[in-house]
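Step one of this worksheet: look at the structure below.
The values are calculated or read from the model by the stated rules, or taken from the named source; none is laboratory data. Quick caveat: nothing in here was measured; it's all calculated off a predicted structure. Because the Cβ atoms are built from the backbone with ideal geometry, glycine has one as well, and the counts that use them run over all protein chains shown.
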Amino acid sequence: MDREIHDIISKLGTNEKAALRLLIDLPQKILDEPSSKLFSLYPWTGVILFPKNIEDKKQTVTLIQKLQIMNAQSFPDYPLFISVDQEGGSVSPLEKLMTPSPGNMALTAARDSEGVSAISKLAAKELKDLGFNVNFAPVMDVNTAPENPIIGIRSFGSDPEMVAELGCRVIRAYQGEGVMAVAKHFPGHGDTIKDSHLDLPVVNAPLERISKVELYPFEKAVQAGVWGMMTAHVIFPCLDTKPATLSRKILTELLRKKMNFQGVIFTDSFSMAAIREHFDLEEAVKEAVLAGSDVLLALGDDRYQLEIFQILKDLIKDGGLPSECVDDPIYRILSYRKKLALLKPFSDFVPTPHLTENLHEKAVTILKGEELLPVSGDFEIFLSPDASVKIQLFKEVFPDFTFVSWPWEKNPDQERYAVFFGERRTLIPEVVKRIKEWNFEPYLAISFGNPYLLHLVSTSKIQIATYHINSIFVKEASKILLQGKKVRGKLPVPIIS
């Protein structure tokens, strides 16, 4: 036990104890007067930065440095948790500041385990250079529901063993470079048909199935020594009637005691509808604390963050919480903050040239129609809503094709048309309805996002999946279509035709 940390905790008041349990977000790219005042009043345990907070490298580094300087006035040897959701692929708030990653499902398709380790080490080094010490990744959810509206390509796939293997590689790479990895969303968000940002999902699978599928990657993550775990706002009736975030049976009895997790438990955001619209806030905060969480993500405006702070402060002040729910979490939090301050990278990692380009290239998957490539002549390409946002990129790479953006104001030429999907999630109903109304399939279909969408055009002659939409994947698609370039990617999820 660290005597220094025990001495610090013994001198903390209720304000400090409450603030040290909360991770907050900021309203903008600079540390304005209200935000500075908020940090001078209370020693929050950390922040998470979103695209709204990020402009360029210089601004990001400066913002993080200012936050750490303010924190050092109270906790000089215990840096803030500076966190981000940099999963790679479709969830990349630092996309403009870091080497692009093809995303988790694409990494599985590439079948290059060493490449996964390498791109993760590179990401960790770049995160450290910017000032981040916590990444809310990897996603360890096993995506078994094709209609899952929130996980999809954020998952490594539908095979628990593959999810576990690649997820643990990411964990070891991050933590080897001094960045806390946070596996999410425990005990699993991959078999849901609702988005916990918008509703409260329920997974009705039996315990035997949960143990073999959902829990397996998280068990392996714990065995690999992961430092952080993020909860899911999801109900598992076979485990408890409460969502995992608020369940002592799941967080303490299962994760802490049975699985022997020793790290920091982070809740998912309290601003999400699964909590905000289904539970009284005071009840939710109390239940999350009693369940065994360490850090509550109190995201939202200042008023909402302070409301959560006041609820937590009152709970601590009233003395109704057991010690294991008050001082023990603070000890864990400060221990890891100190660890991050002292940690040195294990090695001087130097990425191989063209690392990310090679992984993108290996990931592209042809589901059918390879014998029909390359194609020739003009095609009329119908772009889904998310793909339409990238229309200029498509026009640059495919100058001889005609592109029709969403909303489609015409019907296709039955002989020479194609569909490019860009969605990482499910399609809006209007797109599905329109495709079904045509009563004839496109010759070509490419999913630059969720590969499950190719099921909508199951009889198209050529089907290709890239799992993410960026310039590297679009250029790879052009080489395949126009030059007949061979690919080797393997589909990480089953698609029922």
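Results for (1) more than 28 Å from Leu427 (Cα to Cα); (2) among the basic types (Lys, Arg); (3) surrounded by fewer than 23 Cβ atoms within 10 Å (Cβ to Cβ), shown as yes or no for each residue.
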position	(1), (2), (3)
Lys125	yes, yes, yes
Gly131	yes, no, yes
Asp141	no, no, no
Lys184	no, yes, no
Val202	no, no, yes
Ala205	no, no, yes
## Note on the structure
Residue count, segment 476-491, condition in a loop (DSSP other than H, G, I, E, B) and of a type in the set (Gly, Ala, Ser), comes to 2
### Residue check for Thr245: among the polar types (S, T, N, Q), in contact with a Lys or Arg (Cβ under 9 Å, 6 or more places away or on another chain) and crowded, with 24+ Cβ neighbours inside 10 Å
no
## Note on the structure
The correct count of residues that are in contact with a Gly (Cβ under 9 Å, 6 or more places away or on another chain), surrounded by fewer than 18 Cβ atoms within 10 Å (Cβ to Cβ) and closer than 18 Å to Val326 by Cβ in segment 263-308 is 0
### Message
Here's a check for you: in segment 138-152, which residue that is of a type in the set (Val, Ile, Thr) and under 18 Å from Glu87 (Cα atoms) is modelled with the lowest pLDDT?
### Response
Ile150
### Inter-residue pairs, beta-carbon under 7 Å, first free of Cβ contacts under 8 Å to residues at least 60 places away in the same chain and in segment 41-61, second of a type in the set (Phe, Trp, Tyr), 6+ apart
Pro43/Phe75
### Query
Does Leu359 satisfy being free of Cβ contacts under 8 Å to residues at least 12 places away in the same chain and of a type in the set (A, V, I, L, M, F, W, C)?
no
### Message
I need the full set of residues from segment 318-346 which are under 29 Å from the mean Cα position of the chain (by Cα) and assigned to a loop (DSSP other than H, G, I, E, B), in order please.
### Response
Val326, Leu343, Lys344, Pro345, Phe346
## Note on the structure
The number of residues in segment 98-150 that are in a loop (DSSP other than H, G, I, E, B) and of a type outside the set (Lys, Arg) is 24
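Table: residues versus (1) closer than 29 Å to Val289 by Cα; (2) surrounded by 14 or more Cβ atoms within 10 Å (Cβ to Cβ); (3) β-branched (Val, Ile, Thr).
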| site | (1), (2), (3) |
| --- | --- |
| Asn15 | yes, yes, no |
| Ile24 | yes, yes, yes |
| Asp32 | no, no, no |
| Lys37 | yes, no, no |
| Val47 | yes, yes, yes |
| Lys57 | no, yes, no |
### Failed condition for Ser211, given (1) part of a loop (DSSP other than H, G, I, E, B); (2) without any contact (Cβ under 8 Å) to a residue 24 or more places away in the chain; (3) of a type in the set (Ser, Thr, Tyr)
(1)
